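The values are calculated or read from the model by the stated rules, or taken from the named source; none is laboratory data. Just so you know, these numbers come straight off a predicted model, no measurement behind them. Cβ placement follows ideal geometry from the backbone for every residue including glycine, while neighbour counts extend to all protein chains displayed. Just the protein is used for accessible areas: all its heavy atoms, side chains included, with ligands, DNA and RNA removed. Shrake-Rupley method; radii C 1.70, N 1.55, O 1.52, S 1.80 Å.
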Amino acid sequence: MIVIYHHKNRITKVISEGTIELSFNRNSSIACELLEIAAQFPKTIICWCSNHNQRNLNIKEVNKLFHHQKMMLSYNPSPSNYFDERIGYVEQTPFINVNKKVCYPTWQMSSEVGVIHASVLNALTERNPVVDFDYFINSLAKLLMPKGLICYSQPKLLKGANRKNAPKASRFKLYKFVKQHYKLRWLFLLFFNELIYERKIALFSFINALFYKSKRKTTINLNAIDVNVTIKTIKETTIDVIIPTIGRKKYLYDVLCDLKKQTHLPKNVIIVEQNQVENSVSELDYLTAETWPFNIKHTFIHQSGACNARNIALSKVESEWVFLNDDDNRFEEDLLKNTFQCIQNYGIHALITSYLKPNEKLEYKTTHQTGIFGSGNSFVKASCLKAVAFDMSFEFGYGEDTDFGMQLRHKGYDIMYFPNLKIIHLYAPMGGFRIKPKLAWNNELIQPKPSPTIMLLKLKYDTKTQINGYKLLLFLRLYFNGALINPVSFHKNFQEKWNMSQTWAKKIRTNA
């Protein structure tokens with residue numbers, strides 16, 4: 001391992017293997033020297049640390065934390081990051097509002113402390129990096145995270161922390177970053193968000209960024225870099241499958257047949273069947289009429305609702321892993337076997353598969369960290385679920401699976417996407433005798449917009465700027481998709497609906 005110590009954007013010393021000092025160009029930028037060191041030592045881990053956190057660097061833990069080559073770890077002990085909350089105006093992903101108490105997925109890196117493998121740097125095609133080291137590593141993570149570089153904010157890199165003088169990006173650099181890494185419309189949205197919500201006219205930064213010609217792109221392919229994990233998250237390859245169902249007898253039978261054909265069989269298949277009709281009985285006669293190569297745990301209830309059904313199923317899990325399945329999925333016989341191989345290869349605790357409609361083409365073809373969680377195509381280690389459940393605030397609304405995924409991330413468990421694991425979602429017609437739920441806000445004269453459950457998600461997990469950015473986007477979409485009426489009266493009506501949504505979001509959070 002090589003450690004680079006720096007101060008005021010210049011390297012002060014370079015240490016190899018804990019004691020050996022290496023020579024370096026004192027007039028060169030940190031980023032340039034990082035690339036030079038990577039070229040000289042292509043098989044090493046390279047760590048950086050600011051001088052004022054040198055005594056806090058948890059060097060003994062780095063090898064444990066950095067458990068494969070295709071990773072980038074960093075940590076900013078300050079409450080804010082290099083790019084402040086204004087970045088939330090242009091990005092709605094979970095990677096913006098970082099939980100700094102746990103290992104959390106994000107592209108937001110810091111010069112305070114970090115670690116990367118030389119092989120990643122050597123794969124870069126751009127060899128003339130920007131002088132600002134914080135800008136360089138944030139740009140690197142932003143570009144490479146969708147291409148498979150696994151990036152985390154990792155507090156264990158430091159033993160305690162000195163928060164002194166954490167670098168901050170200027171408004172000019174923020175606008176430049178948005179121009180280089182996002183579609184052009186986001187530059188305009190950043191400008192108008194600042195104008196509307198902060199009463200600031202960033203005209204100089206906007207114009208400079210608008211005519212800035214360089215847009216960062218990379219053709220880098222990280223597939224050539226081996227993962228070679230040094231940790232194991234599998235002790236037993238046992239797995240339970242949970243399936244909530246209502247009135248889809250035939251579709252569920254097909255799912256069970258797909259599970260029956262698996263080359264790696266599940267231990268338990270946990271089915272929660274719902275039927276609201278009083279005195280009704282189960283229609284799933286094949287559960288007992290046929291022989292299955294796994295144990296079926298069948299629960300029949302007279303209460304509908306996916307959140308409740310999934311929570312009941314999760315309470316009955318016995319195995320080391322859980323497959324959150326749906327009653328209208330189809331998959332090949334090697335799904336579970338290949339899933340365990342992916343888990344072993346990456347040393348992870350949760351993943352989602354590709355989840356396409358029949359004949360739909362696969363768009364995202366790279367294994368990477370994802371901001372998505374699907375309650376019908378996910379695998380999670382059971383030990384991660386001890387303090388996680390489907391929030392009943394979202395019952396009959398939208399967002400319960402997104403909320404579940406966010407709960408996992410805030411417990412320190414990342415979610416990976418594997419395109420080679422394929423589940424087909426048939427989107428079967430709603431089955432059974434279903435009574436349309438009467439939502440608590442249905443009788444309001446002013447109907448909330450967005451849905452209170454979507455608003456609840458925003459209030460729980462987003463920054464203030466992310467919420468405001470979403471609000472402006474929603475306003476523009478509704479205005480231009482509808483009849484173009486007087487913008488003043490439209491805004492007044494929109495604000496009333498927005499306020500109603502916030503009111504009900506807080507109510508359902510309290511009453512759940």
statement: Charge tally for neighbours of Thr463 with beta carbon under 12 Å away, counting Lys, Arg as +1 and Asp, Glu as -1, is 0
- prompt: Of the cross-linked pairs Lys101/Lys458; Lys179/Lys200; Lys411/Lys507; Lys261/Lys357; Lys147/Lys173; Lys168/Lys506, which ones have a Cα-Cα span greater than 30 Å in the structure shown?
  reply: Lys168/Lys506
field: Cα Rg, Dmax, region 398-512, angstrom units
entry: 17.6, 50
statement: Taking N as the residue count of region 80-120, its alpha carbon Rg divided by 2.2 N^0.38 Å gives 1.29
- prompt: Does anyone have the angle between helix 249-260 and the longest principal axis of the chain? Alpha-carbon axes, 0 to 90°, nearest 10?
  reply: 60 degrees
- line: To the nearest 10 degrees, the tilt of helix 133-144 (Cα long axis) against the first principal axis of the alpha carbons of the chain is 30 degrees
field: Accessible surface ranking that places the most exposed of His368, His491 first, with a 1.4 angstrom probe
entry: His491, His368
Carbon/sulfur fraction of accessible area - the chain, other protein chains in place, 1.4 Å, %: 53 percent
task: Enumerate by residue number the trypsin sites (Lys or Arg not before Pro) in region 244-286 meeting two conditions: DSSP loop (anything except H, G, I, E, B), and at most 14 other Cβ atoms within 10 Å of the site's Cβ.
output: Lys261
- prompt: So if R0 is 45 Å, what FRET efficiency would Gln495 and Arg10 give, r being the distance between their Cβ atoms, rounded to the nearest 0.05?
  reply: 0.35
field: Asn223-Ile196 pseudo-label distance in nm [points 7 Å out on the Cα-to-Cβ vector]
entry: 4.1 nm
- line: Computed from the beta carbon distance with a Förster radius of 51 Å, FRET efficiency for Val131 and Ile234 to the nearest 0.05 stands at 0.70
field: Between region 3-28 and region 180-243, the alpha-carbon center distance in angstrom
entry: 30 Å
Per residue solvent-accessible surface (Å²) - region 279-355, probe of 1.4 Å: 41 Å²
- prompt: So what's the angle, to the nearest 10 degrees on a 0 to 90 scale, between helix 452-461 and the longest Cα principal axis of the chain?
  reply: 30 degrees
message: Under 20 Å between alpha carbons, and skipping anything fewer than 8 positions from Lys43 in its own chain: which lysines qualify?
response: Lys60, Lys64, Lys70
Derived scalar couplings ³J(HN,Hα) [region 52-64; Karplus, 6.51 cos²θ - 1.76 cosθ + 1.60; whole Hz; x for Gly, Pro]: 6, 10, 4, 6, 8, 4, 8, 4, 5, 8, 4, 5, 6
query: For Asp254 and Thr288, what does the FRET efficiency come to when R0 = 22 Å and r is the distance between their Cβ atoms, rounded to the nearest 0.05?
result: 0.75
task: Take the alpha-carbon centre of region 250-274, take the same for region 404-462, and report the distance between them in whole Å.
output: 24 Å
- line: Rounded to the nearest 500, the 222 nm mean residue ellipticity computed for the chain from DSSP H runs (n ≥ 4, each -39500 (n - 2.57)) alone is -10000 deg cm²/dmol
Projected label distance in nm at Lys64 and Ile301, using a 7 Å step from Cα toward the beta-carbon: 4.0 nm
- prompt: Which length gain, in nm to one decimal place, applies between Lys316 and Leu478 when the Cα-Cα distance is subtracted from 0.36 nm times their residue separation?
  reply: 54.0 nm
- prompt: What length, rounded to one decimal in nm, is gained on full extension from Asn208 through to Leu265, with 0.36 nm per residue of separation minus their alpha-carbon distance?
  reply: 14.6 nm
message: Tell me which GluC sites (Glu not before Pro) from region 190-263 have a DSSP coil assignment and no more than 15 other beta carbons within 10 Å of their own.
response: Glu236
query: With every protein chain present, what is the per residue accessible area of region 13-71 (1.4 Å probe, Å²)?
result: 53 Å²
- prompt: How large is the Kirkwood hydrodynamic radius of the chain, in angstrom, based on all distinct alpha carbon pairs?
  reply: 25.3 Å
statement: The farthest towards the positive end of the charge dipole of the chain, of the residues Ser74, Leu356, Gly374, given +1 on Cβ of Lys and Arg and -1 on Cβ of Asp and Glu, is Ser74
